[in-house]
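The values are calculated or read from the model by the stated rules, or taken from the named source; none is laboratory data. These numbers were taken from a predicted model, which means no experiment stands behind them. Please note: Cβ atoms are built from the backbone with ideal geometry, for glycine as well, and neighbour counts cover all protein chains shown. Heavy atoms of the whole protein, side chains included, go into the accessibility calculation; ligands, DNA and RNA do not. Shrake-Rupley method; radii C 1.70, N 1.55, O 1.52, S 1.80 Å.
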Amino acid sequence: MFDEKPPSVARRRPKRPVSGALGLLVVGFWLLMALVGPWLAPHGANALVADDVFGPLSLQFPLGTDFLGRDILSRLLHGAPYTLGVAMAATVLACLFGVVLGLVAAASGGWLDAAISRTQDALIAIPNKIFALIMVASFGSSVPLLLVMAAFAYMPGSYRIARAVAVNVMTMDFVQVARARGEAMPYIMFIEVLPNMLRPVLTDFGLRFVYVVLLLSAMSFLGLGVQPPDADWGSLVRENIQGLGEGAPAVLAPAVAIATLTIGVNLIIDSFGGRAKREMEN
């Protein structure tokens, strides 16, 4: 009876979910490939290395060959920086501007809040794919344009999430105390409010990243994304689509890469929710 520990001591430390660790492993692997993949590729991105088109898996070509006899593994590794790099940069820009505007709107209120919110509502009313098609049709397709287009398309959604969370945090006592102390508005926004809304902001960042990857892949599949001789994973699916009927690895490998990346990010996001639930229970 005397050996029993108090509840606070006997309570076990919450474990991280296996799904979150698996998602982190998958996403970390693809991020690493985006950084060093082109240097690890056994062949050049556009090198014709085989006589057989849509070749099967082999020791020489682990993921087969494409419709021109190029090594799919090399094409996949060379395409990773475009798929992940452009998507990551666009997501960072979208969330950065969305969160800053959300903080400004929540902290200011009044006509400034209304003006920013109505502008973002007008932008979010335009479907993302329609907006992307309009931008490409107007200015042509290039990597900088795709980056700006994706960031602009997903900024309103990030703004709405950030503003909704910031409005709730603004009503808390520690923010009112900071106002009473006469702290400047930038201090209140970035020192008092922002650290207390990081978890929903990071969760939203993960979701935006998935959306941007899928949008850019869809644009490339339509031939409006990354242009030849460069290629991202969506382009690899499009150019090898004729091999789908025979189950060619050339079309399956980039599709599986996109699927594993999006699943990995979603597993990480789901682990955030599970961790929050365990902390509330404890």
Unit Cα scatterers, Debye sum, the chain: log10 I(q)/I(0) for q = 0.08, 0.11, 0.14 Å⁻¹: -0.46, -0.76, -1.03
Protein accessible area in the chain, 1.4 Å probe - carbon and sulfur %: 67
Farthest positive-ward along the chain dipole, Cα basis, beta-carbon charges - from ALA153, LEU236, ALA184: ALA184
Computed P(r) (all Cα pairs; segment 12-146; 10 Å bins; percent): 10, 22, 25, 24, 13, 6, 1
For peptides 87-95, 154-162, 53-61, 175-183, sequence by mean Cβ density within 10 Å, most packed first: 154-162, 87-95, 53-61, 175-183
Pair LEU22, ALA184: separation of 7 Å Cα→Cβ label points (nm): 4.9
Estimated inter-spin distance, ASN46 and GLN176, nm [label 7 Å along Cα→Cβ]: 6.5
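Taking the inverse of the average 1/r across all pairs of different Cα atoms in segment 174-218, what Kirkwood radius in Å do you get? Show your work: numbers first, answer last.
Details: mean 1/r = 0.0800 Å⁻¹.
Value: 12.5 Å, from the Cα pair sum.
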For segment 178-282: span of alpha carbons on each principal axis (Å, largest first): 68, 35, 15
Interchain or long-range residues, amide H under 5 Å from GLY225's placed H: SER220
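Can you pull the Rg over Rh of segment 32-100, Cα-only, Kirkwood? Display every interim value, and only then the final one.
Details: Rg = 15.8 Å, Rh = 13.3 Å.
Rounded to two decimals, Rg/Rh equals 1.19.
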Gained length - SER58 relative to ALA125, 0.36 nm times residue gap less alpha-carbon distance: 19.3 nm
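In debye, nearest 20: dipole of the chain around its Cα centre with unit charges on the Cβ of K, R (+) and D, E (-)?
Working: 20 positive and 19 negative charges, 186 e Å.
Its charge dipole is roughly 900 debye.
So what is the relative contact order of segment 103-169, in percent, for Cα pairs below 8 Å that sit 6 or more residues apart?
Values: 33 pairs, mean separation 31.1, N = 67.
After rounding, I find 46 percent.
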Gained length - VAL92 relative to ALA164, 0.36 nm times residue gap less alpha-carbon distance: 24.0 nm
Karplus-derived HN-Hα couplings along segment 150-157 (A = 6.51, B = -1.76, C = 1.60, θ = phi - 60°), whole Hz, x at Gly and Pro: 5, 5, 5, 5, 9, 5, x, x
Per residue, in Å², the accessible surface of the chain once ligands and nucleic acids are set aside, probe 1.4 Å: 54
Degrees, to the nearest 10: 86-108 long Cα axis against longest axis of the chain: 20
Relative contact order (percent, whole number), the chain, Cα cutoff 8 Å, 6+ residue spacing: 27
